[in-house]
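Structure first, commentary second.
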Amino acid sequence: MKPQIKVITEFGLEKEEKDLKGIKTEDSALKIISDVCHKNKIYFLPRVLPPSSSNIGECDAIIFSDSGIIIAEVKRYGGNILDLDTKSDTIRIEKGEETVSIHNPIPKLLEKCQKLEDYIKNIQFWSEINKSFYFAKISETVPVYSLLCFSPSTDYDEREVLSEIPDLIIANTKTLKKKINRFS
């Protein structure tokens, strides 16, 4: 039986100005992802709620490429991220004269990827697809990668993070197209 995936078409709770700016950043990133996927004949779903039995939760986008599956998370964090890493609960962002601490999205994104990987290992629907990746000597199952995209005004140093997790794609909307093209 094919798992049911829901596409989220409207976020009824996001009405504040800061949330609307976040939606604008997300819309911009999703447009770039859509254009790249269309050009490369890659299937993607924007604003997805995977089957509840997967326990993954809402995803800004899921991209299905020949290389594997990518879960995309888009964040509107303007400023200079000072300490981007994979383990901390918070990150510090320099915004002008002020430095603020905010939730680090990387651990949650990596958790979603792990849950999706576990889910597709155990679902009959995915067994033939998993076999094709195994026989192609890519992976035992369909690999699941993570993409974290920030707003265009966000600066970050990705070197330390990527040394820990090379399959994590980090971009802002200015570099997103190039990074997805390199991956797909």
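Remarks
- Residue within region 80-103 that is in contact (Cβ under 8 Å) with a residue 12 or more places away in the chain, touching a Pro at 6+ places or on another chain (Cβ under 9 Å) and within 20 Å of residue 25 (Cα to Cα) present: yes
- Residue check for residue 52: among the polar types (S, T, N, Q), under 23 Å from residue 164 (Cβ atoms) and without any contact (Cβ under 8 Å) to a residue 12 or more places away in the chain: no
- Any hit, region 175-184, residues being modelled with pLDDT of 90 or more, touching a Lys or Arg at 6+ places or on another chain (Cβ under 7 Å), hydrophobic (A, V, I, L, M, F, W, C) and surrounded by 13 or more Cβ atoms within 10 Å (Cβ to Cβ): no
Let's see how each residue does on (1) surrounded by 19 or more Cβ atoms within 10 Å (Cβ to Cβ); (2) at pLDDT 90 or above; (3) touching a Phe, Trp or Tyr at 6+ places or on another chain (Cβ under 9 Å); (4) of a type in the set (A, V, I, L, M):
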{"site": "1", "(1), (2), (3), (4)": "no, no, yes, yes"}
{"site": "16", "(1), (2), (3), (4)": "no, no, no, no"}
{"site": "21", "(1), (2), (3), (4)": "no, no, no, no"}
{"site": "24", "(1), (2), (3), (4)": "no, no, no, no"}
{"site": "27", "(1), (2), (3), (4)": "no, yes, no, no"}
{"site": "34", "(1), (2), (3), (4)": "no, yes, yes, no"}
{"site": "44", "(1), (2), (3), (4)": "yes, yes, yes, no"}
{"site": "73", "(1), (2), (3), (4)": "yes, yes, no, no"}
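- Looking at 100, 142, 161, just one residue is of a type in the set (A, V, I, L, M) and over 22 Å from residue 72 (Cβ atoms), and that residue is 100.
- Residue ID - surrounded by the fewest Cβ atoms within 10 Å (Cβ to Cβ), chosen from residues in region 126-151 that are among the polar types (S, T, N, Q) and at pLDDT below 90: 132
- Of the residues making up region 134-170, those that are in a strand (DSSP E or B), closer than 21 Å to residue 94 by Cα and in contact with a Leu (Cβ under 8 Å, 6 or more places away or on another chain) are 148, 149, 170.
- Looking at 53, 88, 67, just one residue is surrounded by fewer than 21 Cβ atoms within 10 Å (Cβ to Cβ) and within 22 Å of residue 180 (Cα to Cα), and that residue is 67.
- Residue match in region 96-103 (condition: modelled with pLDDT under 90, surrounded by 13 or more Cβ atoms within 10 Å (Cβ to Cβ) and among the hydroxyl-bearing types (Ser, Thr, Tyr)): no
The values are calculated or read from the model by the stated rules, or taken from the named source; none is laboratory data. This one's a predicted model, so the numbers in the text were calculated from it and none came from an experiment. Heads up, the Cβs are rebuilt from the backbone with ideal geometry, glycines too, and the neighbour counts pull from every protein chain shown.
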